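Laboratory data are not the source of any read-out in this text; all were calculated from the coordinates shown. None of the values given here were measured: they were computed from a predicted structure. In this analysis, Cβ positions are derived from the backbone assuming ideal geometry, glycine residues included, and neighbour counts consider all displayed protein chains.
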């Protein structure tokens, strides 16, 4: 009976590791940075903001269409979703590894 539970936990660990890889790949495939609107002397300017190492880099985008603004908002929403899922799966992996590492057969 104990071996069955341990087998289920090991299978769940494999699934969690696979999901972690998929989430990391999905985050890597998303474009870097986010679109920021700055108002300077009453005019609107759009910049693409991204982190390069420890520095934050602002790249002027010029006039941006509504379609492109919506695209960057969707990217931002997806990035937050994948980061949240990645955090949850990492906690699950930590828990499963701890459960499988026990001296007694689970």
Verdict on residue 72 being closer than 26 Å to residue 87 by Cβ, surrounded by 10 or more Cβ atoms within 10 Å (Cβ to Cβ), touching a residue at least 24 places away in the same chain (Cβ under 8 Å) and touching a strand residue (DSSP E or B) at 6+ places or on another chain (Cβ under 8 Å): yes
Scan segment 31-44 for residues that are surrounded by 14 or more Cβ atoms within 10 Å (Cβ to Cβ) and at negative phi and jot them down. 34, 35
Considering only segment 49-68, I want to know if a residue exists there that is touching a helix residue (DSSP H, G or I) at 6+ places or on another chain (Cβ under 6 Å), over 25 Å from residue 95 (Cβ atoms) and not in a strand (DSSP E or B). no
Against the condition more than 23 Å from residue 21 (Cβ to Cβ), in contact (Cβ under 8 Å) with a residue 12 or more places away in the chain, touching a strand residue (DSSP E or B) at 6+ places or on another chain (Cβ under 9 Å) and surrounded by 14 or more Cβ atoms within 10 Å (Cβ to Cβ), how does residue 47 come out, does it pass? yes
With the structure loaded, tell me whether residue 25 is over 18 Å from the mean Cα position of the chain (by Cα), more than 30 Å from residue 102 (Cα to Cα) and either surrounded by 14 or more Cβ atoms within 10 Å (Cβ to Cβ) or without any contact (Cβ under 8 Å) to a residue 12 or more places away in the chain (or both) or whether it fails that test. no
